[in-house]
Amino acid sequence: MSGSCTEDTARVVDGVMRARRSLRAYRPEPVPRALLEELLAVACTAPSNSNTQPWRVHAVAGAALRSMGDALVAAFRENRLPPSPHFPDPLPEEHAQRQREFGAVYYRSLGIDPTDMPARMRQTEKNFHFFGAPVGLIFTIDARLAPHSWLDLGLLVQNVMIAASARGLGTCPQVSFARFHPVIAQHLALREHELTVCGMSLGYPERDAPVNRLAMPRREVGEFASFQGFRAA
């Protein structure tokens, strides 16, 4: 009986994790605050070094979301903030190849020619309005902390996505917000030392949108994991 329950639980958890996608089209239906608080209460069970829990989450909706989005788009168009590269330059080829493959699949799903820079820019701007999602989340951390605490925040972010997916909600984690910390800090009245790490779109997904049906390839376990000291099966 116990083994069967364990297998059933594993199937449910595995199904939620495999079904999660980064979604970029949402219905306008609002997400109840109580539901958001519920999934954050689950997500905050993420582990952290010495239980420091170094995360803060800012949930934005309605007029506040639109106002911040407009300000972010304006800052993006004016290009008045210093760049915040997501990757080193040059990106090691192993990773650059997967990035190129993602770009090709992503823009194809949107009907955008990868060489059409104006169209790509218009799509990029949708990031800052959270792809039309009714809720935007901004994740911040105390800038004085070491990189290991950023790992703790990452565990929380992953938990948020899994908890949301289990409740029929879609999400899209977005590092593009990090560059615009000064704009976000002003709109959210962030505290001293509080630094924007990433954002996240959250809402009820538009299931029929082609961009939401992307199935990005994943490496096989044998490609990224090594095993030592195990007995042969």
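Couple of notes before you dig in:
- A single entry from VAL12, VAL31, VAL16, VAL42 fulfils the requirement of being out of contact with any Asp or Glu (no Cβ under 8 Å at 6 or more places or on another chain) and not in a helix (DSSP H, G or I): VAL31.
- Answer residue from segment 213-226, given it is among the hydrophobic types (A, V, I, L, M, F, W, C) and at pLDDT below 95 and is surrounded by the fewest Cβ atoms within 10 Å (Cβ to Cβ) among those: ALA215
- Contacts under 8 angstrom Cβ, first residue in segment 94-122 being within 13 Å of VAL211 (Cβ to Cβ), partner loosely packed, with under 12 Cβ neighbours inside 10 Å and acidic (Asp, Glu), 6 or more apart: TYR107/ASP113
- All positions within segment 128-151 that are surrounded by fewer than 21 Cβ atoms within 10 Å (Cβ to Cβ), assigned to a helix (DSSP H, G or I) and either in contact with a His (Cβ under 7 Å, 6 or more places away or on another chain) or not aliphatic (A, V, I, L, M) (or both): HIS129, GLY132, PRO147, HIS148, SER149, TRP150
- Test result for PRO118, more than 30 Å from PRO54 (Cα to Cα), surrounded by fewer than 16 Cβ atoms within 10 Å (Cβ to Cβ) and in contact with a Phe, Trp or Tyr (Cβ under 7 Å, 6 or more places away or on another chain): no
- Filtering segment 183-229 to residues that are farther than 27 Å from VAL31 by Cα and in a helix (DSSP H, G or I) leaves VAL221, GLY222, GLU223, PHE224.
- Among residues of segment 106-127 being hydrophobic (A, V, I, L, M, F, W, C) and not in a helix (DSSP H, G or I), the one that is nearest to ARG77 (Cα to Cα) is ILE112.
- A single entry from SER22, SER2, SER50 fulfils the requirement of being modelled with pLDDT under 95 and of a type outside the set (A, V, I, L, M, F, W, C): SER2.
- Test result for ARG20, within 27 Å of PRO217 (Cα to Cα), surrounded by 10 or more Cβ atoms within 10 Å (Cβ to Cβ) and in contact with a strand residue (DSSP E or B) (Cβ under 6 Å, 6 or more places away or on another chain): no
- Test: residue in segment 76-98 that is on the phi > 0 side of the Ramachandran plot, surrounded by fewer than 16 Cβ atoms within 10 Å (Cβ to Cβ) and outside any helix (DSSP H, G or I): yes
- Residue check for ARG11: farther than 20 Å from LEU155 by Cα, surrounded by 13 or more Cβ atoms within 10 Å (Cβ to Cβ) and charged (D, E, K, R): no
- Sub-7 Å Cβ pairs linking a first residue in segment 132-152 that is within 15 Å of GLU194 (Cα to Cα) to a second residue that is assigned to a helix (DSSP H, G or I) and polar (S, T, N, Q), at least 6 apart or interchain, are ILE141/SER149; SER149/ASN49, ordered by first then second residue.
The values are calculated or read from the model by the stated rules, or taken from the named source; none is laboratory data. Keep in mind that this is a model prediction, so the values were computed, not measured. In this analysis, Cβ positions are derived from the backbone assuming ideal geometry, glycine residues included, and neighbour counts consider all displayed protein chains.
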